[in-house]
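Heads up, the thing below is written out as structure tokens.
The values are calculated or read from the model by the stated rules, or taken from the named source; none is laboratory data. What you see is a predicted model; the values in this text were computed from it and never measured. When we count neighbours, we look across all protein chains shown, and the Cβ atoms used for this are built from the backbone with ideal geometry, even at glycine.
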Amino acid sequence: MIRRRRAWLLVIVALVVACLEVVFQPIRRAPRLQEFEIHYRADRDINKLVKEGEDFDQVGGKAIDDVVTASGTDIVVTPEASTREGARKLEQDYTKKLRERFRNHITFVRSTGLDLPSSPRKIIGGLALYDPRPQLKLGLDLQGGSHLVLQVRRALFEYQFEKTTEQPSGPAGETQEERDAFLAKIGNLLEASGFEDVSVKVKEDSPDLIDVATQAMSKQQATNDRDKILNALKREFGSVTLVREETYFGEENILLRTVEIVRRRVDSLGVSEPLIQPQGDSQIIVELPGIDDPDKAIEMIGTTALLEFRHIPEKYEPEVERSAGGREIVHFVDKEGMKIPTSVVYNESKEIVSGRSLKPNSTVGMDPAEGSAVHFEFDSDGANKFGQFTRKNVGKYLAIFLDQQPISCPVIRQPITGGRGQISGGFDTIEEARDLMQLLNAGALPVPIDIVENRTVSATLGTDSIRRSLIAGLIGLTFVVIFMIAVYRLPGAIANLALAIYCLLVLATMIILNATLTLPGIAGFIMSIGMTVDTNILVFERMKEEFRTDKTFKSVIQAGFARAWTAILDSHVTTLIGAGVLFYYGTGPVKGFAVTLGLGVLTSLFTAFTISRVLVYTVAETGLKRSLPLWNAPRTRTT
């Protein structure tokens with residue numbers, strides 16, 4: 001029995017050492033400089049930029065000439081850093097300086113080789129110290145960033161109102177105030193008709209057209225919604241016509257497919273450790289820790305990115321204007337020069353091939369006449385359809401729509417049979433072209449999505465939350481340690497040691513499972529600490545009762561753990577059931593609370609009946625068992 005306990009003691013020591021390695025990640029030698037790469041791309045040959053009088057100058061304390069490799073439009077900078085934080089700072093410095101010196105002709109692409117320690121550690125006498133900060137993945141509320149709730153659109157209906165002489169521009173009017181008032185009126189009307197989850201939008205180029213999106217969960221429900229909305233609008237506004245209907249049903253995994261495409265788009269933003277998960281049947285939770293530009297993230301995630309090549313009817317012709325940045329703005333007119341709403345042209349045009357036939361290998365380049373361009377390639381089926389159409393329609397217009405908005409409308413000069421092409425003229429900057437390239441490579445969303453919640457958490461708030469949580473935790477632990485020693489004496493000290501080991505075990509388990517620590521998670525962790533202390537208290541109270549009987553010291557310890565087991569198991573199982581329910585039905589922070597609470601409960605059981613028991617028996621085998629007051633036992637009894 002003694003040998004077995006000693007073996008268990010060695011196991012506990014090894015476990016503590018392993019947990020220290022996982023949680024605090026020591027370094028056994030001083031951090032040294034390590035080379036990494038920052039990749040950039042220019043919108044023209046780099047040699048031409050240098051010939052125009054620019055030069056690579058001092059950046060980040062070093063001459064770029066010494067660390068840069070430039071070939072064509074690709075630029076690779078290879079600085080050195082000892083930590084990831086230092087590398088990110090150099091990355092920002094190089095990017096800022098290069099953009100300043102080359103007038104935004106150079107854009108950041110990616111960084112590679114950043115397998116550096118996360119922060120510097122102090123080294124004393126050549127020996128490593130543990131990093132005082134646990135290597136936990138922090139959640140949005142602790143790190144700062146953006147929290148988005150995306151609503152998958154189930155059905156979309158477009159209705160047209162009859163124009164009147166009193167309202168020549170349509171019922172929605174021309175000003176933003178008039179459009180907002182019109183939308184509010186329709187929203188109130190639909191709400192009174194029993195619709196809750198609907199969104200209403202006015203067509204920008206045609207105020208007499210509105211889009212109404214509903215969350216119908218079946219084709220039959222969508223049909224009922226369509227007719228119900230139409231009847232309500234007719235009763236209120238008179239002549240209203242349904243001109244377009246889109247429904248998104250028939251695929252069981254449509255929500256999961258949407259989640260996967262959103263994940264690809266988030267990956268292209270370079271967000272570290274994002275959280276992307278479905279919620280219910282029609283929503284997606286997206287958490288972007290540390291995101292610096294939430295507006296760009298929303299635009300990138302929320303854009304449907306459905307690229308379509310369409311044949312417009314010959315009765316319409318495109319008119320192209322140029323923005324200040326040189327981007328094409330396409331409008332359509334009829335043969336008499338009257339402006340036609342884009343939605344009308346889109347609905348009457350015929351789709352030739354869509355972006356679903358694109359290969360995920362689009363690139364950004366430069367067109368000598370049009371500037372920034374996106375080069376694309378069709379798969380075999382798309383290339384065949386595109387080639388057949390261009391052969392039969394040389395000299396006619398080919399409209400390119402992105403999410404039903406025209407971005408280009410070139411004339412087909414010659415058949416395009418190779419399955420390759422480019423989109424040009426629709427971009428003010430190369431960044432816009434790069435954004436479209438990333439969207440096309442990630443794939444179009446199978447259904448449109450709407451941003452129904454956008455919450456930004458500042459990094460300052462996260463840091464303050466961590467600081468306050470740590471202070472509260474330290475104060476609580478201090479009182480617990482003092483209480484346990486004051487009331488239970490030597491067993492209380494043993495319980496404090498077991499509690500420290502318990503904290504290490506929980507943190508190490510969270511890191512191994514790649515769990516994310518959130519503010520509610522910290523609350524769950526602290527609650528589980530209280531349960532661990534309570535477990536030891538139950539055991540020690542049973543031991544106090546057993547000390548009053550004429551039993552040996554060994555029998556007292558055995559009876560204390562055995563008789564407390566039922567109460568401890570009941571309390572832990574009921575808490576574990578509650579944590580399981582919270583995890584199954586909860587989302588985001590609630591799940592974080594449930595994860596840490598559940599891990600804490602399981603670890604508490606292991607700690608109480610393995611670690612605490614071994615430590616109590618080990619101490620009892622020493623001469624300390626003769627000092628009964630240390631065990632809070634009556635002085636009159638024998639050992």
Listed residues I526, I537; which is without any contact (Cβ under 8 Å) to a residue 60 or more places away in the chain, of a type in the set (V, I, T) and within 26 Å of V619 (Cα to Cα)? I537
If the Cβ limit is 8 Å and pairs must be 6+ apart or interchain, which residue in the stretch 487-515 that is closer than 18 Å to V13 by Cβ and not assigned by TED's automatic domain parsing to the domain that holds T596 pairs with which residue that is among the β-branched types (V, I, T) and surrounded by 18 or more Cβ atoms within 10 Å (Cβ to Cβ)? none
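Whether any residue in the stretch 483-501 is over 24 Å from T622 (Cβ atoms) and surrounded by fewer than 19 Cβ atoms within 10 Å (Cβ to Cβ) is what I want to check.
Yes, the stretch 483-501 has at least one match.
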Regarding the stretch 146-167, can at least one residue be identified that is assigned to a helix (DSSP H, G or I) and at pLDDT below 85? no
Going residue by residue through the stretch 548-563, is there one that turns out to be more than 21 Å from L597 (Cα to Cα) and among the acidic types (D, E)? yes
May I ask you to verify whether G194 is modelled with pLDDT under 85, assigned to a loop (DSSP other than H, G, I, E, B) and surrounded by 20 or more Cβ atoms within 10 Å (Cβ to Cβ)? no
Unmet requirement for I423, which otherwise passes all of (1) under 27 Å from T303 (Cβ atoms); (2) modelled with pLDDT of 80 or more: (2)
So for the stretch 547-560 (the condition being closer than 23 Å to V506 by Cα and touching a helix residue (DSSP H, G or I) at 6+ places or on another chain (Cβ under 9 Å)), does at least one residue qualify? no
State yes or no: is N384 farther than 20 Å from L439 by Cβ and either of a type outside the set (S, T, Y) or modelled with pLDDT of 85 or more (or both)? yes
Could you please give the count of residues in the stretch 579-594 that are of a type outside the set (D, E, K, R) and in contact with a Leu (Cβ under 8 Å, 6 or more places away or on another chain)? 8
Can you run down the residue pairs with Cβ atoms below 6 Å, 6 or more apart or on separate chains, where the first is in the stretch 1-24 and over 16 Å from A620 (Cα atoms) and the partner is of a type in the set (V, I, T) and not in a helix (DSSP H, G or I)? none
Could you check the stretch 533-581 and list, in sequence order, the residues that are of a type in the set (V, I, T), within 24 Å of L497 (Cα to Cα) and either more than 49 Å from the chain's Cα centre (by Cα) or not assigned by TED's automatic domain parsing to the domain that holds V481 (or both)? V556, I557
Please work out which one of (1) in a helix (DSSP H, G or I); (2) at pLDDT below 85; (3) in contact with a strand residue (DSSP E or B) (Cβ under 7 Å, 6 or more places away or on another chain) is the condition A181 fails and give its number. (3)
Candidates V480, V556, filtered to the one that is β-branched (V, I, T), in contact with a Gly (Cβ under 9 Å, 6 or more places away or on another chain) and either closer than 30 Å to L148 by Cα or crowded, with 17+ Cβ neighbours inside 10 Å (or both): V480
So which residues in the stretch 342-388 are in contact with a His (Cβ under 7 Å, 6 or more places away or on another chain) and outside any strand (DSSP E or B), if there are any at all? S349, S362
